Amino acid sequence: MAEKDATVSDELASKFKTEKSSPYVRWVAAEGLDIIGAHWVPDLNEVELKPWARRGGRGVYINHEASRTSNDCYVCEIPTGGELNPQRQLFEEMILILSGNGSTSVWNDAGQKVTFEWGPGSMFAIPLNTWHQHFNGSGSAVARFVSSTNAPPIVNLYDDAEFVFNTPYDFTAKFAGEPDYFADKDEVDGLLLKTNFVADAVNLQLISAKERGAGGGHIRFSMARGSMNSHISQFPTATYKKGHRHGPGAHVIILSGEGFSLMWPEGEEPHRYDWQPGSLIVPPNMWYHQHFNTGTEPARYLAFKHEGVSIRNAQGVPKAWISQRIGGDQIDYVDEAPVVRDTFAAALAKNGLVPQMDSAYEAELPDLPPKS
């Protein structure tokens, strides 16, 4: 399907050539790594990595142009029976383990070292400017993780890697060596799970969230007392979530199930991206997007993001949860384009399935705002 990408003449582009580069882009290049500028990666487990000398492993950055000034994403591999080099940093980081088993140690000058173990599907955050080191617990297989950080604005602001990675300051309000800091807790406040570590994001119990449509569940995280946040959503087989849009930088990682996502800028036809466990979807800034489960099992995804993604109303509710009919950025089922249902039905038919959406369509009607 045709898409408008706002490409202009080489003459106009050349006038902004120097502004396209940034301290962050130059820093990644100095690390010896590539930036994959895609908003869809079929499988993070298979993406090609390069040696990362400073970290002592292998890595690659995955960073769509539209999100490069807010937050980023990278994949890193810990060598068999080895470890990454210790690091501290003046930016926040959230991590999902893709494969392998191992442990991580976190420490600073204000408290004792805390060490915890992880496996496939574990999720945790690195407290701001703490020393940390990742260890591979296997002598026969590499370990791989995907991480999202808010490094871009920090690196762009200071343009000094020595300052960003070697400033000796402890943010004790965020971490002071508490022994249970990385305990797998289950305290919930609304949709927010209060924890700094999740042992198994793939099977974590979720909370009902009918507002996003299609039943299923949802849970949110704000780990390590930081400004980054994330959420997990799940929806049943032969169903799909409501279309919505938000700011840049959401990195959507498929944890289970199979299906596809549609993404489109306002006024354009949607483009389809098929996914499976390990796929990554990065919706560009304020593009509508919608997720569809075409498999026989519930589909679940994890979205790493920066708070700037969540454009909120005066009550603090993300506009991506609010109907367009009252000024939000979510498309009600009744208002979606015919191509959405047609594409979904055709995809299901290939798997011998039919849509199970009637109850979801009916459920939104009692609270549906009048159309202006």
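Taking the empirical scaling 2.2 N^0.38 Å for compact globular proteins as reference, the range 188-367 has a Cα radius of gyration ratio of 0.98.
Structure remark: mean-square fluctuation, Gaussian network model of the chain, C-alpha springs under 10 Å; the largest value among Lys305, Lys17, Lys319 belongs to Lys17.
Remark: the chain carries a charge dipole of roughly 220 debye about the Cα centre, counting +1 on each Lys and Arg Cβ and -1 on each Asp and Glu Cβ.
Using a simple spin-label model with pseudo-atoms 7 Å out from Cα toward Cβ, Lys15 and Ala176 lie 5.5 nm apart.
Modelled spin-label separation between Val339 and Thr115, with each label point placed 7 Å from Cα along the Cα-to-Cβ direction: 5.5 nm.
Place a point 7 Å from Cα of Arg54 in the direction of its Cβ. Which residues in the range 86-126 have their backbone N less than 15 Å from it? Only 86-92 pass the distance filter. Stretching the chain fully between Lys194 and Tyr158 yields a gain of 9.8 nm (0.36 nm per residue, less the alpha carbon separation).
Per-residue packing, averaged as other Cβ atoms within 10 Å, sorts the ranges 231-244, 340-353 into the order 231-244, 340-353, beginning with the highest.
Between Ala125, Ala38, Ala201, the GNM of the chain built on Cα springs shorter than 10 angstrom shows Ala38 fluctuating the most.
Computed from the Cβ-Cβ distance with R0 of 22 Å, the FRET efficiency linking Glu297 to Ile207 stands at 0.65.
Pairs spanning more than 20 Å between alpha-carbon atoms, out of Lys17/Lys50; Lys210/Lys241; Lys210/Lys305; Lys113/Lys194: Lys17/Lys50; Lys210/Lys305; Lys113/Lys194. Under 18 Å of direct C-alpha separation, and excluding same-chain neighbours fewer than eight residues apart, Lys371 reaches these lysines: Lys242, Lys319. Close amide-amide hydrogen proximity is noted between Trp287 and His246, each under 5 Å apart and 5 or more residues distant or on a separate chain (H modeled in the peptide plane; Pro and chain starts excluded).
The distance linking the range 54-132 with the range 141-202 is 8 Å (Cα centroid to Cα centroid, whole angstrom).
Its residue count N sets the reference 2.2 N^0.38 Å, and the alpha-carbon radius of gyration of the range 209-299 equals 1.08 times that reference. The Rg/Rh ratio for the range 165-256 is 1.03, where Rg is the radius of gyration of the alpha carbons and Rh is the Kirkwood radius.
All of the numbers you see were taken from the coordinates with simple rules; none came from a lab. Just so it is clear, the model here is predicted, and its values are computed rather than measured. Note that each Cβ is placed from the backbone with ideal geometry, even for glycine, and that neighbours are counted across all protein chains shown.
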